[in-house]
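As structure tokens, the structure follows; a few thoughts come after it.
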Protein chains: 2
Amino acid sequence: MDVILPKFDSVFSIDCVIFGFEAGELKILLIERNVEPFKDWYALPGYIVEQDESIDEAAERILYELTGLRDLHMEQFHTFGEVNRHPQGRVITVAYYALIRINGQKELRPVTHYARKAFWHPVNDLPKLAFDHTEIFKTGFNKIKRRLNYQPIAFELLPEKFTLTQLQTLYEAILNKKLDKRNFRKKMLSYGFLKELDEKQKGVSYRAAKLYKFDKRKYAKIFQNDLTGEL
Amino acid sequence: MDVILPKFDSVFSIDCVIFGFEAGELKILLIERNVEPFKDWYALPGYIVEQDESIDEAAERILYELTGLRDLHMEQFHTFGEVNRHPQGRVITVAYYALIRINGQKELRPVTHYARKAFWHPVNDLPKLAFDHTEIFKTGFNKIKRRLNYQPIAFELLPEKFTLTQLQTLYEAILNKKLDKRNFRKKMLSYGFLKELDEKQKGVSYRAAKLYKFDKRKYAKIFQNDLTGEL
DNA sequence: TAAGATAGGTGTATATTTAACACGATGTTA
DNA sequence: TAACATCGTGTTAAATATACACCTATCTTA
């Protein structure tokens, strides 16, 4: 903001906490690092921001390069700016999160050599992570727990068509507590943004449940007046 | 995160949105810039982060240097990272906010020459601000509006001893809507963290109201089990 | 010192939301 | 066709939120 901008030896980076849901478990995306420092450690996908890209663009690019995933909607949730976060110098990091469907078809394949591989790992049993990534994960996890209470973010984790039981299982996984089935259904349906389909679950060895779909248009319509986006 | 950290010509800065409450009006702290770019414009207090200070420390220092205020509890709320935010180069900015008592005694006096003066300005009638500061202000204002619903942040804006009417006026100023007096009082008192004092307002030309105090210890006790800090 | 002005302080009734709680129906498999 | 597993449903009680109006205390001024 001064007349001449001073040059800094600071590095600016992005880390991503990407949540997925698979086999009734909440998971996050990790990479195995292939470069020092913390070579061979597990870490959140993260790398350095270039000068000619916004931080949102950088987040997309970096996630793609390290995991092969793209076109997901990420949001920043906190910036980590302690002096000694990185063993080799000053690094300030904006952390992003996203919730996505885990899709067995889509292969996770790093595009750069910085990551040896990328993989999903259950949040309940995380290994030690590189840098301060455990703290970053925890901060992000707390944010989505809170957010779940007033925004329909859970749908981003489920397949397009899902059963109410699946939805409830997901809520329970995120909030880490049991919910009452009848009350849960009553409340979800009362919002009016779930569309009941003429279709049922397939391939289950018991009575098949009805499938539902999250109706974004209805959601937008219902909550258009509520500027805060709260339910 | 690579083996050798590249050097970047990026600048990393802090901007502060400081809310105060005076004469029944919600205000924020602005400075008049004394250097290019945007010389003579009004702006949020903000400046560049040094390499050997955390961003939280930087926020404190910068606010002090530009306004003379110190020892207030600020929190980051968003990081602005578009490429062309600053006319002279790439600048990434972490925005902080705080809520404080406006104290007529404490003089606002910039310590550096970068600001010509610092002053309080009502949020309802803000002038054009330098850079993207209007957007930063709006983002911060929305955050505190939301936050007011589940955290007792309003007390930070009031004098230590206050009347329930003052508290209500403040809520109304932030939320920009009228509240019902009886319901407001009932609810506030029901939380149990307001301590009624044996004292009354002085110097008013009508019946004096009882004074109350926010009891932090009681608040902590009551909400210790609620990890999210929600009411 | 009485009258007027101004904000202080209080309660109840209704509507809405949340919480607790159990079992018969349906489809699958052996 | 029996056994199994999940599906899908409704009521009641408690808590919370909302709507609403008048008398009281204190100060000012005529």
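The values are calculated or read from the model by the stated rules, or taken from the named source; none is laboratory data. Please read all numbers here as calculations on a predicted model, not as lab measurements. Because the Cβ atoms are built from the backbone with ideal geometry, glycine has one as well, and the counts that use them run over all protein chains shown. Quick note on the areas: whole protein, heavy atoms, side chains included, nothing else; ligands and nucleic acids left out. Shrake-Rupley method; radii C 1.70, N 1.55, O 1.52, S 1.80 Å.
Per DSSP helix of 4 or more residues, -39500 (n - 2.57); summed, then divided by the residues of the protein assembly as shown. What does that give at 222 nm, rounded to the nearest 500?
About -8000 deg cm²/dmol.
The orientation-averaged projected area of the convex hull spanned by the Cα atoms of the protein assembly as shown comes to 25.4 nm². Counting only aspartates and glutamates at least 8 places from residue B:39 when in the same chain, those with an alpha carbon closer than 18 Å to its own are A:2, B:15, B:65, B:132.
Placing +1 at every Lys and Arg Cβ and -1 at every Asp and Glu Cβ, with all other atoms neutral, what dipole size does the protein assembly as shown have around its Cα centre, in debye to the nearest 20?
2880 debye
Each copy carries residue B:200; placing its label point 7 Å along the C-beta direction from Cα gives inter-copy distances of 7.3 nm, listed from smallest up. Of the residues B:138, B:221, B:128, the one that moves most in a GNM of chain B with alpha-carbon contacts below 10 Å is B:221. Between A:202, A:143, A:161, the GNM of chain A built on Cα springs shorter than 10 angstrom shows A:202 fluctuating the most.
Here is how far apart the residue B:179 label points are across copies: 2.9 nm, shortest first, using a point 7 Å from Cα toward Cβ. Note on the stretch B:11-148: antiparallel DSSP beta bridges, both residues inside, total approximately 70 percent of the bridges counted.
The residue among A:171, A:151, A:37 whose Cα reaches farthest toward the positive pole of the charge dipole of chain A, with charges on the beta-carbon of Lys, Arg, Asp and Glu, is A:171.
For residue A:17, the residues whose amide H sits under 5 Å from its own are A:96, A:97, A:98, ignoring neighbours fewer than 5 places away on the same chain, with H placed 1.01 Å from N.
By DSSP, the beta bridges lying fully in chain A are antiparallel in about 75 percent of cases.
Dividing the convex hull volume of the alpha carbon atoms of the stretch A:73-119 by its residue count gives 114 Å³ per residue. For chain B, the C-alpha radius of gyration divided by 2.2 N^0.38 Å, with N the number of residues, is 1.14. Farthest toward the positive end of the dipole of the protein assembly as shown, out of B:140, B:16, B:110, is the Cα of B:140, where the dipole comes from beta carbon charges about the Cα centre. For the options B:209, B:23, B:154, a Gaussian network treatment of chain B with springs between C-alpha atoms closer than 10 Å singles out B:23 as fluctuating the most. Would you please give the FRET efficiency between residue B:172 and residue B:139, computed as 1/(1 + (r/R0)^6) with r the Cβ-Cβ distance and R0 = 22 Å, to the nearest 0.05? Calculated value: 0.50.
Each residue was assigned an accessible area with a 1.4 Å probe, and for residue A:212 the value is about 20 Å². Its Cα centre serving as origin, chain B has a Cβ charge dipole (Lys and Arg +1, Asp and Glu -1) of approximately 1540 debye.
Kirkwood's formula applied to the C-alpha pairs of the stretch B:6-136 gives a hydrodynamic radius of 15.0 angstrom. Here the Karplus relation 6.51 cos²θ - 1.76 cosθ + 1.60, evaluated at θ = phi - 60°, turns the backbone of the stretch B:37-47 into coupling constants of x, 6, 4, 6, 7, 7, 7, 6, x, x, 6 Hz, with x for every Gly and Pro.
With the simple spin-label model, which puts each label point 7 Å out from Cα in the Cβ direction, the residue B:215 to residue B:22 separation comes to 3.2 nm. Over the stretch A:160-222, the ratio between the Cα radius of gyration and 2.2 N^0.38 Å evaluates to 1.17.
Can you compute the FRET efficiency between residue B:208 and residue B:116 using 1/(1 + (r/R0)^6), with r the Cβ-Cβ distance and R0 = 41 Å? Round to the nearest 0.05.
0.50
Summarising the rotation from chain B to chain A, the nearest chain B beta-carbon to the axis and its distance in Å are given as B:79, 2.
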